[in-house]
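The block underneath contains the structure these notes are about, expressed in structure tokens.
No lab work stands behind these numbers, since they all come straight from the coordinates. Only a predicted model underlies this, so the values are computations on that prediction, with no experimental measurement involved. Here the Cβ positions follow ideal geometry from the backbone for every residue, glycine too, while neighbour counts run over all protein chains shown.
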Amino acid sequence: MAKDTTGRLRVTVKSAGRLKLSSKLWLERQLNDPYVAQAKRDGLRSRAAYKLIEIDDKYHFLKPGISVVDLGAAPGGWSQIAAKRVGAADGRGKVVAIDLLEMPEIVGVDFAQLDFLHAEAPARLLAMIGGKVDVVLSDMAANTTGHRKTDQLRIVGLVEDAAAFACDVLKPGGTFVAKVFQSGADATLVTQLKRDFVTVKHVKPASSRKDSSERYVLAMGFRGIAAATPEDEPVALS
Ligand SMILES: C[S@@+](CC[C@H](N)C(=O)[O-])C[C@H]1O[C@@H](n2cnc3c(N)ncnc32)[C@H](O)[C@@H]1O
């Protein structure tokens, strides 16, 4: 077995041509990923869970008793962490989650298989939430088509819709965390978030793969709907 650059033993997959190269590379990456192994040991459904753990360990927005919406939740790592930190399993906080895909039950998490972009999704989510929430999380990643421009528009569109939804449902002081990609195309989004939230920053947790352009936008201290400036008025940037 070969060693990687950190001296760890590296597993290579010999598929004798039975696997496509992309599948072989994916399998090798999974087998050699320390976060995948750690997630298995910790009983977490995804390595993605560590990204939320890292962000919340630093910024402390998942507090006992609060309500959280998790958009793009499957297979459930973020929901597991949110449910644990707010105390949803003990009936204290509340976690509402949706995904295009099915998600096996998590105690304390109210889940619906739903396309966030479907016209009826916001109303269904509002009914599940039953009031304003403290935190909106979005780890949604749009399926890619391979056409760069189309993919870029889809990615940006998804996060912009998530941000608009967050502004509709968050309590004043609330937090919005969303996956974005490092393309510079989210400048408009950041401008809007800076208008509606007290602090806005980009974070790249150590558990987010170094070779990925993925990062997260973290907006804290929602100013409340009344504070939002009409779209055509100039916005002062901090
Ligand atoms: C990276 S995964 C989320 C991983 C999750 N945070 C975890 O910890 O297990 C992204 C998810 O976003 C979902 N997704 C993408 N577009 C969506 C949409 N329009 N509506 C709902 N879910 C969507 C995908 O189905 C996928 O399960």
Residues with amide H under 5 Å from that of residue 70, placed H, sequence gap 5 or more:
96, 97, 98, 137
In the structure shown, do any of 24/179; 40/171; 51/84 have a Cα-Cα gap over 23 Å, and if so which?
24/179; 40/171
Candidate aspartates and glutamates for bridging to residue 20, where Cα separation is under 13 Å - those fewer than 8 sequence places away on the same chain excluded
28
More than 24 angstrom separation, counting every C-alpha pair in the range 1-141; what % is that?
41 percent
What list do you get for 85, 29, 18 if you sort them by fewest beta carbons within 10 Å?
18, 29, 85
Distance in Å, no decimals, from the C-alpha centre of the range 148-171 to the one of the range 103-121 is 17 Å
Cα atoms only, the range 21-86: Rg and Dmax in Å?
13.7, 47
Once every DSSP H run of n ≥ 4 in the chain is given -39500 (n - 2.57) and the sum is divided by its residues, what mean residue ellipticity at 222 nm do you get, rounded to the nearest 500 deg cm²/dmol?
-10500 deg cm²/dmol
Of 94/194; 63/132; 63/210, which pairs sit farther than 25 Å apart, going by alpha carbon to alpha carbon?
94/194; 63/210
Once the in-chain neighbours fewer than 8 apart are removed, the aspartates and glutamates whose Cα is under 16 Å from residue 204 read 54, 56, 57, 139, 186, 214
Stokes-Einstein, Kirkwood over Cα pairs, the chain, 37 °C, 0.692 mPa s; D in µm²/s equals 172 µm²/s
For the peptides 59-65, 43-49, what is the packing order when you average, over each peptide's residues, the other Cβ atoms within 10 Å and list the highest mean first?
43-49, 59-65
